[in-house]
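In what follows, a single structure is set out as structure tokens and then discussed.
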Amino acid sequence: MEYKSNIPIYLQVIDDIVQNLLSGNIHLGDKLPSTRELAVTYQINPNTAARVYAELERMGICHTRRGLGTFVNEDQAMITTLQHSSSQKLLSEFVNGMMNIGCTYEDILNEVTKYITDVSQR
């Protein structure tokens with residue numbers, strides 16, 4: 001994974017884990033790698049890996065079972081909430097980017113409609 005210098009690494013790792021959860025690469029109830037394994041996988045400091053898991057627990061995404069490891073919570077509502085917040089973030093970035101290049105709301109809607117039509121015809 002290539003890290004962006006303007007965003008803390010632990011947040012980028014969290015985003016990647018959430019993306020894997022939303023895309024189905026990680027499932028509800030799955031056991032996550034140990035802190036050491038996570039550190040090796042993402043080439044990060046073990047303390048950063050521990051911070052990732054602490055933050056994921058704080059967010060309600062996972063929980064740790066002493067002696068067994070860290071597991072994704074089995075809460076479908078959590079997935080729905082994550083999908084909603086992720087889609088809102090993407091939409092905000094997209095709309096703001098389009099407006100920054102001079103597009104109106106109507107232009108944006110037209111472009112999105114055209115794009116969806118083109119994709120659905122493939």
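Since every read-out is calculated from the coordinates, none of them should be taken as a lab result. Here the structure is a predicted model, which means the values were calculated and not measured. As a convention, Cβ positions derive from the backbone with ideal geometry for all residues, glycine included, and neighbour counts pool all protein chains shown.
At a glance:
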quantity	calculated
Summed side-chain charge close to residue 114 - residues other than residue 114 whose Cβ falls under 15 Å, Lys, Arg +1, Asp, Glu -1	-3
Paramagnetic reach from residue 15 in the range 82-117 [backbone N under 11 Å; point 7 Å along Cα→Cβ]	90
Calculated on alpha-carbon atoms, Rg and Dmax of the chain in Å	18.0, 56
Distance (nanometres) between label positions extended 7 Å along Cα→Cβ at residue 80 and residue 37	3.1
Highest-MSF residue in the chain out of 29, 102, 60 [GNM, Cα springs under 10 Å]	102
Karplus (6.51, -1.76, 1.60) ³J(HN,Hα), θ = phi - 60°, over the range 105-122, in Hz, Gly and Pro reported as x	4, 5, 4, 4, 4, 4, 5, 5, 4, 4, 4, 4, 4, 4, 5, 5, 8, 7
Given charges at beta-carbon only (K, R positive; D, E negative), |dipole| of the chain in Debye	480
Tilt relative to the chain, helix 76-100 - C-alpha long axis, 0 to 90 degrees, to 10	40
Under 17 Å from the residue 45 label point (7 Å along Cα→beta-carbon), backbone N, the range 1-26	3-14
The chain: angle of helix 9-22 to the longest principal axis, Cα-based, in degrees nearest 10	80
Between 0 and 90°, nearest 10: helix 46-58 axis offset from the chain longest Cα axis	70
